[in-house]
Amino acid sequence: MKNILDRNQNKAEEVRSLLNSRKVMMVNVISSPGAGKTTLLERTCEAMAGEVRIGVIEGDVTTDRDAQRLKKFNIPIVAINTEGGCHLDSHSISKAIEHFDLEAIDLLFVENVGNLICPSQFDLGETFKLAVVSTTEGDDKPAKYPMLFSEARAVILNKTDLIPYTNFSIGSFMADMAAINPGIRIIRLSATTGDGLEEWFGWLRMKLAGFSAS
């Protein structure tokens, strides 16, 4: 496992160096299946594709259904099927970015395979990781899967509109996050209803501006 991770890390540094040289900010989006990653990307592209040049790498075990959902935004998309693999790695990302014109992209999203464990262990060369968790999964996910939540730059708490219909405890969730990653940005929203999306867009714009200026 150490050898696999070492090889992955070496390639990840190559990817990061390439993207930095082209001023492309890459966001590694990680969540459980069904947390709302693709819907979040749809809403983000809908709101920002006119002002930011966006590209997407879609990772999934099989099918290109998520990629098909994003085609309507006329952005460059590359789909990766892992054929049973539970995560993307830096080698697959390195091959995928060969299909992009990096001079024409400002922001590259990677929608990782739905899984809270394996994707957290593999650096893809991203600028930062974004954790997405939904209220329907329960409030205990940070405590049960701390690696992702300790490494993420921000956490999207999605499906807040469904809290009245679940036993999700905001207090428990926030307490666990404070213990795991104090000060991390937590953005509460519903990608379906649109509530809270403006906070996410504003935060993302701020990160893009800082990255471009670095």
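The values are calculated or read from the model by the stated rules, or taken from the named source; none is laboratory data. Nothing here was measured: the structure is a model prediction, and the numbers come from that model. Ideal geometry is used to build each Cβ from the backbone, glycine not excepted, and the neighbour counts take in all protein chains shown. Quick note on the areas: whole protein, heavy atoms, side chains included, nothing else; ligands and nucleic acids left out. Shrake-Rupley method; radii C 1.70, N 1.55, O 1.52, S 1.80 Å.
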If we scan segment 160-180, do we find a residue that is surrounded by 17 or more Cβ atoms within 10 Å (Cβ to Cβ) and under 17 Å from the mean Cα position of the chain (by Cα)?
no
Tally of residues being open to solvent by 50 Å² or more (accessible area, probe 1.4 Å) and either among the charged types (D, E, K, R) or within 18 Å of the chain's Cα centre (by Cα) (or both) across segment 181-208:
9
In this structure, does ALA143 turn out to be in contact (Cβ under 8 Å) with a residue 60 or more places away in the chain and small (Gly, Ala, Ser)?
no
Among the residues of segment 14-51, write down those that are over 14 Å from the mean Cα position of the chain (by Cα) and open to solvent by less than 10 Å² (accessible area, probe 1.4 Å).
VAL15, LEU19, VAL24, MET48
Take PHE149 and decide whether it is under 29 Å from SER17 (Cα atoms), out of contact with any Gly (no Cβ under 7 Å at 6 or more places or on another chain) and open to solvent by less than 30 Å² (accessible area, probe 1.4 Å).
yes
Scanning segment 55-65 residue by residue, those touching a Leu at 6+ places or on another chain (Cβ under 8 Å) and surrounded by fewer than 21 Cβ atoms within 10 Å (Cβ to Cβ) turn out to be none
Which residue pairs have Cβ atoms under 7 Å apart, sit 6 or more places apart or on different chains, and have a first residue in segment 89-111 that is open to solvent by 20 Å² or more (accessible area, probe 1.4 Å) and a second that is of a type in the set (Phe, Trp, Tyr) and outside any helix (DSSP H, G or I)?
ASP89/PHE122
Among helices (runs of 4 or more DSSP H) completely within segment 27-115, the ones holding 3 or more residues that are modelled with pLDDT under 95 and not basic (Lys, Arg) are 65-70
